[in-house]
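These notes concern the structure reproduced below.
The values are calculated or read from the model by the stated rules, or taken from the named source; none is laboratory data. Values in this document were obtained by computation on a predicted structure and should not be read as measured data. So basically every Cβ, Gly included, is an ideal-geometry build from the backbone, and we count neighbours across all protein chains shown.
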Amino acid sequence: MNNIMVIYGSSRRNGNTDFLADQMTEGVEVTKVYLQDWNIEPIVDQRHESQGFNDVNDDYEPLLNDFLDHGSIQNILRFCHPCWLPIR
């Protein structure tokens, strides 16, 4: 059976995003990744600088490796995040 990696972008656990993702993945093996648990620093665009990019000490590479491990044909990726709509 496939393993689904669900990447949660919500700042609130056990909320609507979790509920809907749980409904979508019921009965299958799931790897849950909450972005709030990872330290991901913003990058500064240094592509045109002579020294290139400065090293950033964060969790980007370990998270990317986990993501790529689930990106094969046998596995499925899902991104789950809340959508806020303005009420007028």
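Counting the residues of the stretch 1-31 that are closer than 19 Å to Asp69 by Cβ, under 13 Å from the mean Cα position of the chain (by Cα) and not aliphatic (A, V, I, L, M) gives 2. For Leu77, the test of being closer than 18 Å to Ser10 by Cα, at pLDDT below 80 and among the aliphatic types (A, V, I, L, M) is passed.
Please verify whether the stretch 28-36 includes one or more residues that are farther than 22 Å from Arg12 by Cβ and part of a loop (DSSP other than H, G, I, E, B).
Within the stretch 28-36, one or more residues are farther than 22 Å from Arg12 by Cβ and part of a loop (DSSP other than H, G, I, E, B).
Being of a type in the set (Val, Ile, Thr) and at pLDDT 90 or above is true of Ile40.
So which residues in the stretch 17-64 are of a type in the set (D, E, K, R), out of contact with any Asp or Glu (no Cβ under 9 Å at 6 or more places or on another chain) and within 23 Å of His81 (Cβ to Cβ), if there are any at all?
Looking only at the stretch 17-64, we keep the residues that are of a type in the set (D, E, K, R), and these are 18, 22, 26, 29, 32, 37, 41, 45, 47, 49, 55, 58-59, 61.
Applying the additional criterion that residues be out of contact with any Asp or Glu (no Cβ under 9 Å at 6 or more places or on another chain) yields 18, 22, 26, 29, 45, 47, 49, 55, 61.
Matches in the stretch 17-64: Asp18, Asp22, Glu26, Glu29, Glu61.
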